[in-house]
């Protein structure tokens, strides 16, 4: 090859090497947002004992690498014990009634833990107490932030289950249905505007209703026959899911994620131990970010 041609070929080859883009290294995918909800039956089943309830809750959070833990029916000392067992998480508690089985404080209620720092703790009275004295129901919410910087709202509830002793079943059933309808409306009145404003919202708790109950339509989206802005982790696109009680086949515990903010969801109910702390199963949930 003539010297001039060789020089031209070398220059062209060098330019091609320089023009070839470097391989693109894909950024690691963002971790999903994981949550656990558990009605711990802290007074009626555990008689206010802090252990092994607190140790089991903390173990579940670490084993699942959960970002959020929702608790219902927790005594205040049990909440404090869980908080002590979960360094790196911030816990917030709201009493709903008083129980003599809950130690000196007598406080019995709901709680939410988030990994890292929780901000803007707030609660709303959601009503639903006709025919029931001594209990006030709340929606408890805090704001959390993932390691990747995503901000979200985590909220928990425990909806109406019974009436005062003088009511028989036939009288109590319509009262509790109306109460849960009122409570579902109150919850969505507070959370739906957040979702519409673009805030990712996760709500977990004991709703004391089956997936097909009419008030649940306020949470489920159109693909599940509802009018809501959420998708339930263990229900997929429908209104199903594993039983969340230890004795029987009833799904009454749920973790809902706001549909505009989350994609794939999944959930499962843990098995009850031979000598369970609670009469409810622990429900684990996960959702990918959109």
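The values are calculated or read from the model by the stated rules, or taken from the named source; none is laboratory data. Keep in mind the model is a prediction, meaning the values are calculated, not measured. Virtual Cβ from ideal backbone geometry, glycine too; neighbours counted across all protein chains shown.
Tabulated values for the structure
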read-out: Selection from the range 244-272 of residues that are over 19 Å from residue 156 (Cα atoms) and out of contact with any helix residue (DSSP H, G or I) (no Cβ under 9 Å at 6 or more places or on another chain); value: 246, 247, 248, 249, 250, 263, 264, 271, 272
read-out: Residue match in the range 130-140 (condition: within 16 Å of residue 36 (Cα to Cα), within 15 Å of the chain's Cα centre (by Cα) and without any contact (Cβ under 8 Å) to a residue 60 or more places away in the chain); value: yes
read-out: Residues that are surrounded by 15 or more Cβ atoms within 10 Å (Cβ to Cβ) and farther than 17 Å from residue 185 by Cβ, drawn from the range 151-160; value: 152, 153, 154, 156
read-out: Output for the range 51-75, where each listed residue is part of a helix (DSSP H, G or I) and over 14 Å from residue 85 (Cα atoms); value: 64
read-out: Residue check for residue 80: assigned to a helix (DSSP H, G or I), surrounded by fewer than 23 Cβ atoms within 10 Å (Cβ to Cβ) and modelled with pLDDT of 95 or more; value: yes
read-out: The range 123-142 - residue that is out of contact with any helix residue (DSSP H, G or I) (no Cβ under 9 Å at 6 or more places or on another chain) and not in a loop (DSSP other than H, G, I, E, B) and, of those, surrounded by the fewest Cβ atoms within 10 Å (Cβ to Cβ); value: 123
read-out: Strands (runs of 3 or more DSSP E) enclosed by the range 235-290 - at least 3 residues per element that are surrounded by fewer than 19 Cβ atoms within 10 Å (Cβ to Cβ); value: 262-269
read-out: From the options 58, 66, 74, 46, residue that is modelled with pLDDT of 95 or more and farther than 20 Å from residue 157 by Cβ; value: 58
read-out: Single unsatisfied condition, residue 165 versus (1) free of Cβ contacts under 8 Å to residues at least 24 places away in the same chain; (2) within 16 Å of residue 258 (Cα to Cα); value: (2)
read-out: Which listed residue, of 109, 100, 88, is surrounded by 24 or more Cβ atoms within 10 Å (Cβ to Cβ) and either under 20 Å from the mean Cα position of the chain (by Cα) or farther than 22 Å from residue 145 by Cα (or both); value: 109
read-out: Residues satisfying the stated conditions in the range 143-162, i.e. out of contact with any helix residue (DSSP H, G or I) (no Cβ under 8 Å at 6 or more places or on another chain) and touching a residue at least 24 places away in the same chain (Cβ under 8 Å); value: 143, 144, 145, 146, 147, 148, 150, 151, 152, 154, 156, 158
read-out: Any chance residue 203 is assigned to a helix (DSSP H, G or I), buried (at least 22 other Cβ atoms within 10 Å of the Cβ) and under 15 Å from the mean Cα position of the chain (by Cα); value: no
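Residue by residue, here is whether (1) in contact with a helix residue (DSSP H, G or I) (Cβ under 8 Å, 6 or more places away or on another chain); (2) without any contact (Cβ under 8 Å) to a residue 24 or more places away in the chain; (3) assigned to a helix (DSSP H, G or I); (4) within 27 Å of residue 131 (Cβ to Cβ) holds:
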position: 172; (1), (2), (3), (4): no, no, yes, yes
position: 177; (1), (2), (3), (4): yes, no, yes, yes
position: 190; (1), (2), (3), (4): no, no, yes, yes
position: 209; (1), (2), (3), (4): yes, no, no, yes
